[in-house]
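Before any comments, here is the structure.
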Amino acid sequence: MTRVVTVGAAQLGPISRTETRASAVARMVVLLDRAAAHGCDFVVFPECALTAFFPHWYYDGEEEIDAYFEREMPNAATQPLFDRARELGVGFYLGYAELDVTDGSKHRYNTSILVDKGGRVVGKYRKVHLPGHRDHEPGRPFQNLEKRYFEVGNLGFPVFRAFGGIVGMAICNDRRWPETYRMLCLNGAEVALIGYNTPLLLDEAPELAHLRMFHNHLPMQAGAYQNTLWVAAAAKAGLEDGQALIGGSCIIAPTGEIAAQAISLDDEVIVHRADLDLISVCQKVNFDFAKYRRPDQYRLIADQA
């Protein structure tokens with residue numbers, strides 16, 4: 001019997017630094033309702049979806065930084081999203097800044113969670129590939145201070161049985177690295193969920209600025225194709241307190257084709273009925289690991305080196 005899961009990617013327009021979490025959550029509830037009306041089984045929200053993407057600004061004080069972080073999930077601000085998901089029977093991926101206090105030690109992570117149709121958290125991932133810089137660089141048109149505000153994730157690339165398939169998660173810059181998809185694939189993932197906040201400007205190499213959207217989609221399409229995965233990616237988009245974010249939310253098939261893509265820089269839901277059995281078809285064409293990946297061959301090459 002064909003296994004089909006209806007996937008939604010819920011792009012968010014800009015969230016200003018003065019917008020409350022309650023306002024952001026209310027917008028996500030609206031998008032969840034739209035997704036449910038299209039029969040979605042689950043919805044992907046962006047990275048750090050509850051606030052402006054604060055690594056684009058320099059903060060010095062601990063209290064000022066911690067104000068962007070969540071100490072528990074769900075909490076009072078996000079509970080309406082969990083409640084509505086349970087009422088609708090629609091799961092979701094949510095990216096947020098996590099403040100973890102273990103044995104009196106404070107740790108900050110760029111985190112995503114997977115929530116099932118009953119509104120229960122069934123999985124957590126912490127971002128591994130942190131981009132940007134650690135120190136304030138006032139000469140830049142904007143900052144990218146993820147290395148200042150976050151620790152490298154310590155959970156690996158786990159996968160979870162949910163929505164009739166096996167689901168893994170990644171966050172933003174993770175999507176540019178082939179190891180992300182290969183680790184998820186080797187762990188059995190059939191669907192990779194990704195949230196991101198990607199600036200339109202590229203001050204390190206402005207001559208490549210015209211390739212921003214191409215380079216946004218390229219690694220996700222390659223990762224989907226080379227690892228026979230469905231990929232659903234949701235962006236923050238538009239002009240966020242002067243920082244332009246790229247958008248381009250998409251759903252990608254294991255053939256590498258973009259099956260659905262956002263057309264705006266605002267709040268928008270895209271939907272696709274993803275056939276999970278297409279994965280086995282694609283594996284037969286090129287990427288049957290059991291057939292083509294022989295560890296003994298690699299050992300022989302290493303021994304001869």
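Looking only at strands (runs of 3 or more DSSP E) that lie completely in the stretch 210-300, which have at least 3 residues being of a type outside the set (D, E) and under 26 Å from R161 (Cα atoms)? It would help to see each step written out before you state the result.
Working: elements: 230-235, 237-240, 243-246, 250-252, 258-261, 268-275.
By residue number, 230-235, 250-252, 258-261, 268-275.
Which one is surrounded by the fewest Cβ atoms within 10 Å (Cβ to Cβ), of the residues in the stretch 39-72 that are over 16 Å from T18 (Cα atoms) and in contact with a Gly (Cβ under 7 Å, 6 or more places away or on another chain)?
This residue is D41.
Kindly provide the set of residues from the stretch 138-169 that are charged (D, E, K, R) and either under 16 Å from L186 (Cβ atoms) or out of contact with any helix residue (DSSP H, G or I) (no Cβ under 6 Å at 6 or more places or on another chain) (or both), ordered by number.
Filtering the stretch 138-169 down to residues charged (D, E, K, R) leaves 140, 146-148, 151, 161.
Within the stretch 138-169, R140, K147, R148, E151, R161 qualify.
Among the residues of the stretch 103-126, count how many are surrounded by 24 or more Cβ atoms within 10 Å (Cβ to Cβ) and farther than 20 Å from M28 by Cβ. Let's see the steps before the verdict.
Initially, the stretch 103-126 is screened for residues surrounded by 24 or more Cβ atoms within 10 Å (Cβ to Cβ), giving 109-112, 114-115, 125.
Pick out the ones that are also farther than 20 Å from M28 by Cβ and you get 109.
Residues that pass the stated criteria total 1.
Where residues in the stretch 242-267 are touching a helix residue (DSSP H, G or I) at 6+ places or on another chain (Cβ under 8 Å) and touching a residue at least 60 places away in the same chain (Cβ under 8 Å), which of them is surrounded by the most Cβ atoms within 10 Å (Cβ to Cβ)?
The qualifying residue surrounded by the most Cβ atoms within 10 Å (Cβ to Cβ) is C250.
Going by the conditions given, is D100 surrounded by 21 or more Cβ atoms within 10 Å (Cβ to Cβ), among the acidic types (D, E), more than 16 Å from L145 (Cα to Cα) and in contact with a strand residue (DSSP E or B) (Cβ under 7 Å, 6 or more places away or on another chain)?
Values: surrounded by 21 or more Cβ atoms within 10 Å (Cβ to Cβ): no; among the acidic types (D, E): yes; more than 16 Å from L145 (Cα to Cα): yes; in contact with a strand residue (DSSP E or B) (Cβ under 7 Å, 6 or more places away or on another chain): yes.
So D100 fails the test.
Quick one: count up the residues across the stretch 102-122 that are assigned to a strand (DSSP E or B) and among the small types (G, A, S).
Step one: of the stretch 102-122, the residues assigned to a strand (DSSP E or B) are 102, 105-115, 121-122.
Adding the requirement that they be among the small types (G, A, S) leaves 105, 112.
The number of residues fulfilling the criteria is 2.
Just checking, which of L239, L208, L276 is surrounded by fewer than 24 Cβ atoms within 10 Å (Cβ to Cβ), within 19 Å of C40 (Cβ to Cβ) and more than 15 Å from the chain's Cα centre (by Cα)? Working first, answer last.
Details: L239 fails: within 19 Å of C40 (Cβ to Cβ); L208 fails: within 19 Å of C40 (Cβ to Cβ).
Exactly one residue qualifies, and that residue is L276.
Every residue in the stretch 68-80 that is over 18 Å from the mean Cα position of the chain (by Cα) and not in a loop (DSSP other than H, G, I, E, B), please.
Q79, P80
Could you identify the single residue in L31, L81, L94 that is crowded, with 21+ Cβ neighbours inside 10 Å, of a type outside the set (S, T, Y), within 21 Å of G118 (Cβ to Cβ) and out of contact with any helix residue (DSSP H, G or I) (no Cβ under 8 Å at 6 or more places or on another chain)?
Values: L81 fails: out of contact with any helix residue (DSSP H, G or I) (no Cβ under 8 Å at 6 or more places or on another chain); L94 fails: out of contact with any helix residue (DSSP H, G or I) (no Cβ under 8 Å at 6 or more places or on another chain).
Result: L31 is the single residue among L31, L81, L94 that is crowded, with 21+ Cβ neighbours inside 10 Å, of a type outside the set (S, T, Y), within 21 Å of G118 (Cβ to Cβ) and out of contact with any helix residue (DSSP H, G or I) (no Cβ under 8 Å at 6 or more places or on another chain).
Can you tell me which of R34, R27, R21 is under 21 Å from the mean Cα position of the chain (by Cα) and within 30 Å of R140 (Cα to Cα)? Lay out the reasoning, then the answer.
Values: R34 fails: within 30 Å of R140 (Cα to Cα); R27 fails: within 30 Å of R140 (Cα to Cα).
Exactly one of R34, R27, R21 is under 21 Å from the mean Cα position of the chain (by Cα) and within 30 Å of R140 (Cα to Cα), namely R21.
A short reminder: the numbers here are calculations on the coordinates, not readings from a lab. Only a predicted model underlies this, so the values are computations on that prediction, with no experimental measurement involved. No Cβ is skipped: glycine too gets one built from the backbone with ideal geometry, and neighbour counts run over all protein chains shown.
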